[in-house]
């Protein structure tokens with residue numbers, strides 16, 4: 001949620017012509033990450049949770065790409081992009097670890 005909020009703050013000053021482009025895309029991918037995690041947690045099975053976590057992971061990769069693009073286009077300053085990328089990297093590590101643990105549990109039949 002903190003990353004999503006940070007993305008909303010960072011995109012407030014994006015050019016108006018990006019409102020339906022990069023601004024919207026960044027915000028959608030950011031919102032998708034915690035939304036998929038929450039929806040997966042609410043599912044009845046570990047396998048469903050894993051599926052939603054992989055969708056969250058895909059949205060995270062989209063977000064990282066979009067932040068880098070915004071930085072490369074000089075829409076987002078390096079000092080604004082770096083904390084977003086650092087947070088995304090940390091979330092990626094957490095998702096990877098959780099997925100690994102859940103897959104191991106699912107594969108062993110627990």
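FYI, it's all coordinate maths here, none of it is from the lab. Note that this is a predicted model, so its numbers are computed, not measured. Glycine gets a Cβ as well: all are built from the backbone with ideal geometry, and neighbour counts include every protein chain shown.
A few remarks follow.
- Evaluated at q = 0.18 Å⁻¹: base-10 log I(q)/I(0), Debye formula over Cα of the chain: -0.83
- Under the simplified labelling scheme, the residue 77-residue 105 pair shows an inter-label distance of 4.3 nm, with each label point 7 Å from Cα along Cα→Cβ.
- Each of 4, 54 was scored by other Cβ atoms within 10 Å of its Cβ. Arranged with the fewest first, they read 54, 4.
- Protection proxy ranking of 70-79, 27-36 - average other beta-carbon atoms within 10 Å, highest first: 27-36, 70-79
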